Each structure stands twice: as C-alpha cells, then as structure tokens.
Amino acid sequence: MKDAFLHRPDETAEYYFQEGCHILESLNDDADPEASIARARVTPGRTTRWHRLDGVTERYLIVSGEGRAEVGDSPPMAVRPGDVVLIPAGVRQRIACTGPDDLVFYAICTPRFRPACYRDVDPA
C-alpha cells in the first residue's frame, strides 16, 4: 500500500452469505492485500456452517451480542463484546448467536479474504 485512504462501507451493501450470516465488507481491496475486514451479523438462534479458510488466518472481534465460537477441536467458547477469537489458517470454525439480539463481529483476515479460500466443511 502506497497511500493512506479512507474506505466507508455502504450500509445498504450488506448481503447474506451462504455460510449463514450477513456480511458487510468494510475493506477488501487490491490496494491493501495484506488484510481484509468485514462486519458479520448472525441472527438469534442461528449457527453458521462449519467452514475453513485455506491460507488465511481470521480473527473475530466481537462488537455486540452473545455467542458461542467453535474452532477446530477446541471446546466451544462463549463470546461477548470485546472478545477476540483467533482462527488459524485451514482450521474449521463456526459461530452461533446465543442471545436475544444479533451477534455482530468484525472478521479480520490476513492475508485478505478471497472467495477461493473459503471451504464449506459442514457435514450436514
């Protein structure tokens, strides 16, 4: 990246992703290939599909709501605002909204997320 820039996401650009959550790309640009940031929203009672990101390390920064993160074979982890969940590259993951309000978090990927790295590994 050569120059500083501001990216302001368009709130109306949020979309539903096959994984089972709503996504708003905060930053995913060729100008900054080292990282991407997306806001994810999981509705109450919903659990995302088991998936992994090949070659990409992901971090969930929980913003609001209550949830349960599952990473690899580790025991489920209750998550709340301010928590950060580290997901190593290639390790299966899913997250559930366990509270009465949407679970909202930022997914920070290094290097940046590209659709080709996503693998659905849900047995169902």
Next item on the list: List the relative contact order of the chain as a percent without decimals, with contacts defined as Cα pairs under 8 Å and 6+ residues apart.
Entry: 31
Checklist line | Exposed-site-free run, longest, the chain (rule: GluC sites (Glu not before Pro); DSSP loop; at most 16 other C-beta within 10 Å) | finding: 35-124
Margin query: Under 17 Å from a point placed 7 Å out from the Cα of residue 91 along the Cα-to-Cβ direction: which residues of the range 48-79 have their backbone N that close?
Written below: 50-62, 68-79
Next item on the list: Using the Karplus curve 6.51 cos²θ - 1.76 cosθ + 1.60 with θ = phi - 60°, work out ³J(HN,Hα) for each residue of the range 38-46 in order, rounded to whole Hz, and write x for Gly and Pro.
Entry: 9, 8, 10, 9, 10, 7, x, x, 9
Notebook entry, point to check: What is the calculated FRET efficiency for residue 15 to residue 78, with r their C-beta to C-beta distance and R₀ = 30 Å, to the nearest 0.05?
Noted result: 0.60
Checklist line | Among 41-54, 72-85, 109-122, the order from most to least packed when residues are scored by Cβ within 10 Å on average | finding: 41-54, 109-122, 72-85
Check: For the chain, what is the charge dipole size about the Cα centre, in debye to the nearest 20, if Lys and Arg each add +1 at the Cβ and Asp and Glu each add -1 at the Cβ?
Finding: 300
Item checked: Rounded to whole Hz, the Karplus (6.51, -1.76, 1.60) HN-Hα couplings of the range 91-99, x for glycine and proline -> 9, 5, 7, 7, 9, 10, 8, 9, x
Checklist line | Cα gyration tensor of the chain - equivalent ellipsoid semi-axes, whole Å, descending | finding: 23, 17, 13
Notebook entry, point to check: Among bridges DSSP assigns within the chain, what percent are antiparallel (round to 5)?
Noted result: 100
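Just so you know, all these numbers are worked out from the coordinates, no wet-lab data involved. A quick note: this is a predicted structure, and the numbers were derived from the prediction, not measured. Ideal geometry is used to build each Cβ from the backbone, glycine not excepted, and the neighbour counts take in all protein chains shown.
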